[in-house]
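*Asks:* Quick one: this structure, given as structure tokens, is what I'll be asking you about.
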Amino acid sequence: NERLYKVKISVAKDAGYCFGVRDAVNMAYDATQKYGEVYMLGSIVHNEKVVDDLKAAGAKIVKNLSDVPKGSPILFRAHGTVDKLWDEARAKNMNIIDATCPLVYEIHREVKRLSEDGRQIIVIGDHGHDEVVAIANQVPKSIVVASPKEALAMKKYKHAGVVSQSTQAIENVQEIINILMTKVFDLHFINTICYPTKRNHQQIEQMALENDIMLIIGSFTSANSKRLTQLALKLNKNSYQVTSAEDLKPEWFSKKNTVGISAGASTPDYLIEQVKIKIEKINKDKLWQKERMI
């Protein structure tokens, strides 16, 4: 009977922290050890658990550079930072720790190159997201487009250059590009979805088809985690987003033999491990109940 009900758990190879986020978080911890504290404009990643862990270590969130005590380090986060803040920090001779992801910097460079060609810059991404704001800030008069509906409402352009937020869903970008092709005579698109995102998306698509239930671990403040959940749901209706092991419901696992797990780019390893342990416990309790019934 145990063989009938034992749950097999698979974790996506690229679940959780991408290298850009891991490096940024490690730089924040290193700074707290070296200086006793480090300051950041907003959350380092879109995950409350990580933010709380860093707060306990001495990483403090501020709204303005003027809130940073003189001589204390300021960490510019993985998402990228607008030029105005760089200029202000340099003018104040601040101790800047640059944790910007190299792949985000690559998008900044591509935007500048496209703009030098005399193209209207269009950024496919979430309005107000830190990464998107910093990309759009690289050149004047850039346009942010989040959805096919917004693309349909755009006017026509003779020359345009298009990039995307690094964690965008490929399907959303494809739909928007198809519309832009009807709006722009000379369109230069550079696919700037980063490879950790592409790999995670591919693994989720495969796992959603292979498993009875699919779990995405990530904060509901994380656009990237929500996108992963939508991707899983398209292929497997038994897909759920959880922030931690506490969110798991035993009834989800009733008559389920295989569980696939992935996580957003801002989800730390320990949360993934805790979810695995909790599923194993739910499974053991279920087996014990089955044995009692038998």
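The values are calculated or read from the model by the stated rules, or taken from the named source; none is laboratory data. Just so it is clear, the structure is predicted and the values come from calculations on it, not from any experiment. Glycine gets a Cβ as well: all are built from the backbone with ideal geometry, and neighbour counts include every protein chain shown. Surface areas here come from the heavy atoms of the whole protein model, side chains and all, with no ligands, DNA or RNA. Shrake-Rupley method; radii C 1.70, N 1.55, O 1.52, S 1.80 Å.
*Asks:* Share of segment 88-217's accessible area from carbon and sulfur, percent, 1.4 Å?
*Replies:* On the way: 3210 of 6160 Å².
Reported share for carbon and sulfur atoms: 52 percent.
*Asks:* Moving to a separate point now. Add -39500 (n - 2.57) for each DSSP H run of 4 or more in the chain, then divide by its residues: what number comes out at 222 nm, to the nearest 500 deg cm²/dmol?
*Replies:* -14000 deg cm²/dmol
*Asks:* To continue, here is another question. Near residue 112, which aspartates and glutamates are there with a Cα under 14 Å away, not counting those fewer than 8 places off in the same chain?
*Replies:* 83
*Asks:* Computed FRET efficiency, Cβ-Cβ of residue 53 and residue 212, R0 30 Å: what is it to the nearest 0.05? Walk me through the numbers on the way to the answer.
*Replies:* Details: r = 32 Å, r/R0 = 1.08.
The pair residue 53/residue 212 has a calculated efficiency of 0.40.
*Asks:* If you don't mind, there's one more thing I want to ask. Between their Cα atoms, which of 234/284; 237/276; 49/92; 234/256; 149/198; 63/278 are more than 26 Å away from each other?
*Replies:* Beyond 26 Å between Cα atoms: 234/284; 49/92; 63/278.
*Asks:* Then there's this: Between residue 83 and residue 62, how many nm apart are label points set 7 Å from Cα along the C-beta direction?
*Replies:* Label at residue 83, label at residue 62, 2.4 nm between them.
*Asks:* Here's something else I'd like to know. Have a look at 214, 264, 238 and report the one farthest towards the positive end of the charge dipole of the chain, computed about the Cα centre with Cβ charges (Lys/Arg +1, Asp/Glu -1).
*Replies:* 238
*Asks:* How far is it, in nm, from the label point at residue 188 to the one at residue 96 when both lie 7 Å from their Cα along the line to the Cβ?
*Replies:* Those two pseudo-labels are separated by 2.6 nm.
*Asks:* Roughly how many nanometres apart are two label points built 7 Å out from the Cα toward the Cβ at residue 6 and residue 19?
*Replies:* 3.7 nm
*Asks:* Moving to a separate point now. Treating only the Cβ atoms of Lys and Arg (+1) and Asp and Glu (-1) as charged, compute the dipole magnitude of the chain about its Cα centre; round to the nearest 20 debye. Kindly include the intermediate steps, with their values, before the conclusion.
*Replies:* Details: 41 positive and 35 negative charges, 117 e Å.
Result for the chain is approximately 560 debye, rounded to the nearest 20.
*Asks:* Per residue, how much accessible area does the chain have with a 1.4 Å probe, in Å²? Each step should come with its number before you reach the end.
*Replies:* On the way: 14820 Å² over 294 residues.
Accessible area per residue: 50 Å².
*Asks:* Given springs between every Cα pair under 10 Å in a Gaussian network model of the chain, which of 96, 213, 107 has the largest fluctuation?
*Replies:* With Cα springs under 10 Å in the chain, the top fluctuation among 96, 213, 107 is at 96.
*Asks:* Per residue, how much space in cubic angstrom lies within the convex hull of the C-alpha atoms of the chain? Could you put the intermediate results ahead of the total?
*Replies:* Values: hull volume 38.0 nm³, N = 294.
It is 129 Å³ per residue.
*Asks:* Specify the inter-centroid distance of segment 193-234 and segment 78-113, based on alpha-carbon positions, in whole Å.
*Replies:* Distance between centres, Cα-based: 29 Å.
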